[in-house]
Amino acid sequence: MTVCVIIPALNEAESIGVVLAAIPAGLAAEVIVVDNGSTDDTAARALAAGARVVREDRRGYGFACAAGVAATQADIMVFLDADLSDFPEEMAALLAPIQSGQADLVLGSRFLAGNLSRSVMPPQQRFGNWLASRLMQRLYRIPVTDLSPFRAVRRDVLLALDMREMTYGWPTEMMVKAARRGYRLTEIAVRYRARYAGRSKVSGTVRGALLAAYYILGTTLRYAWQ
């Protein structure tokens, strides 16, 4: 099964090269960096590091992810952030349940690994993850602990989900739709650290945190009663 790594990126010039260098050699057939309207050298540095760059000028995490999906025919897609907060070295463990036929969607859980300090994940982000995870457990009967964007999914499964949320709600929509349709979800423990450089677009600002909470919780509730 071929693997494509999709990395949405918005003004991550300082970290993108380090992220690409940390992806295990030979693991993916291709790596796509989706430049979501950056005003810095993100695209140039990604190209220099050997990635394929796709441009998506419509701002939004979901738009960027969808552009990466449309650009590949790989059997499995891995979604990875461009800020080096995740550990690309753990990608093989993320892929293993799908490659062995035991799962359709694998989610990297930062909470299963433990040791998350306030400096790594601020209280508002921690609470938002906890609340959304609890709602999913109650409404969809799925034992999830985190909404981590570091995840792997089969291409045919993702296309069947008919993704519509083009904002911060993209990862949530993937999870709840997969649960409703009976696909196999599993979590593995992944490590997490402070971003390599810059400020988070979500937890780094009050506006970002509020918008993320609105879209994530709204998406979680919307599909529960459809």
TODO: Have a look at Arg45, Arg164, Arg154 and tell me which one the Gaussian network model of the chain (Cα, springs below 10 Å) gives the largest fluctuation.
DONE: Arg164
TODO: Please name whichever of Pro97, Ile23, Val69 sits farthest to the positive end of the charge dipole of the range 1-97, dipole taken about the Cα centre and charges placed at Cβ: Lys and Arg +1, Asp and Glu -1.
DONE: Val69
Open item on the list: At 0.36 nm per residue, and after removing the present C-alpha to C-alpha distance, how many nm does the segment from Glu30 to Met1 gain when stretched out fully?
Closed with: 9.2 nm
Open item on the list: Let me check against my output: what whole-number percent is the relative contact order of the range 3-222, with C-alpha pairs under 8 Å and at least 6 apart?
Closed with: 24
- [ ] Arrange the peptides 130-138, 83-91 so that the one whose residues have, on average, the most other Cβ atoms within 10 Å appears first.
- [x] 83-91, 130-138
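Is there a quick way to get the dipole size of the chain? I mean about its Cα centre, with the Cβ of Lys and Arg at +1 and of Asp and Glu at -1; what is the value in debye to the nearest 20?
Values: 26 positive and 21 negative charges, 182 e Å.
The dipole magnitude comes to about 880 debye.
To the nearest 20 debye, what charge dipole does the range 1-83 have about its Cα centre, counting +1 at the Cβ of each Lys and Arg and -1 at the Cβ of each Asp and Glu?
Values: 5 positive and 11 negative charges, 39 e Å.
Computed charge dipole of the range 1-83: roughly 180 debye.
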TODO: Would you please give the FRET efficiency between Arg222 and Leu112, computed as 1/(1 + (r/R0)^6) with r the Cβ-Cβ distance and R0 = 25 Å, to the nearest 0.05?
DONE: 0.40
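Local charge sum around Ala113 (other residues, Cβ-Cβ under 14 Å, Lys/Arg +1, Asp/Glu -1)? Each step should come with its number before you reach the end.
Values: positive: Arg110, Arg126, Arg191, Arg193; negative: Asp86, Glu89, Glu90, Asp146, Glu187.
Overall, the nearby charge balance is -1.
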- [ ] Find how much the distance from Leu211 to Thr39 grows on full extension, using 0.36 nm per residue of separation minus their present alpha carbon separation; answer in nm with one decimal.
- [x] 59.7 nm
Task: Under-5 Å amide H pairs with Val54, H placed in peptide plane, nonlocal only - done: Val33, Val34, Asp35
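Sorting Tyr196, Tyr215 on the 10 Å Cβ count, fewest up front, what's the list? List each step's numbers first, then the result.
Numbers: Tyr196 16, Tyr215 21.
Ordered by Cβ neighbours within 10 Å, fewest first: Tyr196, Tyr215.
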Task: Computed over the range 3-222, the ratio Rg/Rh where both radii use C-alpha atoms and Rh is Kirkwood - done: 0.92
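For a quick check: sort Ile188, Ile16, Ile216 by the number of other beta carbons within 10 angstrom, fewest at the front.
On the way: Ile188 20, Ile16 31, Ile216 25.
Final ranking by Cβ density, sparse to dense: Ile188, Ile216, Ile16.
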Task: Set of the range 85-117 residues, backbone N closer than 16 Å to the point 7 Å along the Cα-Cβ line of Arg126 - done: 110-117
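Each value in this text was obtained by applying a stated rule to the coordinates, not by laboratory testing. Remember, it's a predicted structure, so these values are computed and weren't measured experimentally. With ideal geometry, Cβ positions are generated from the backbone for all residues, glycine too; neighbour counts draw on all protein chains shown.
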